[in-house]
1. Using only Cα atoms, find the angle between the long axis of helix 9-25 and the longest principal axis of the chain, and express it within 0 to 90 degrees, rounded to the nearest 10.
2. Under a Cβ-Cβ cut-off of 14 Å, what is the net charge of the residues other than residue 25 that fall near it, where Lys and Arg count +1 and Asp and Glu count -1?
3. Filter the chymotrypsin sites (Phe, Trp or Tyr not before Pro) in the range 1-49 down to the DSSP loop ones having no more than 11 other Cβ atoms within 10 Å, then list what survives.
4. Suppose we flag GluC sites (Glu not before Pro) only when DSSP calls them loop and at most 14 other Cβ atoms lie within 10 Å. Which is the longest uninterrupted stretch of the chain?
5. Tilt of helix 55-71 relative to the longest C-alpha principal axis of the chain, in degrees (0 to 90, nearest 10)?
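Since every read-out is calculated from the coordinates, none of them should be taken as a lab result. Since this is a predicted model, take the numbers as computed values, not measurements. Cβ placement follows ideal geometry from the backbone for every residue including glycine, while neighbour counts extend to all protein chains displayed.
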Amino acid sequence: MILSTGLSVENAKRFYEALSERILSLQIPHAGSPDGILTISAGYAVQEYREGMLTTDLVARADKAPNLAKSLGRNRAAGEP
């Protein structure tokens, strides 16, 4: 999990898509992958800071986001705004 501040939903999606593309470009062998190459499914959650907000809510949403990405297929980025 990567935690960052100041990212919009669009920028978070672009960041994780670029990260996925970069990892794919490294062509790291992975015997457990159907293509034999390491890929990632990245999930993200974005929330603007509000006085009194609980960061645990954001972390819980971010923790679920990779499952959303995986449900869309291999080498995907998806999130919950």
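1. Approximately 20 degrees, to the nearest 10.
2. Values: positive: 22; negative: 17, 21, 35.
Net charge in that neighbourhood comes out at -2.
3. On the way: sites: 15, 16, 44, 49; in loops: 49.
For chymotrypsin sites (Phe, Trp or Tyr not before Pro) across the range 1-49 that sit outside H, G, I, E and B with at most 11 neighbouring Cβ atoms in 10 Å, the list reads 49.
4. Numbers: sites that count: 48, 51.
Free of exposed loop sites, the longest segment is 1-47.
5. 30
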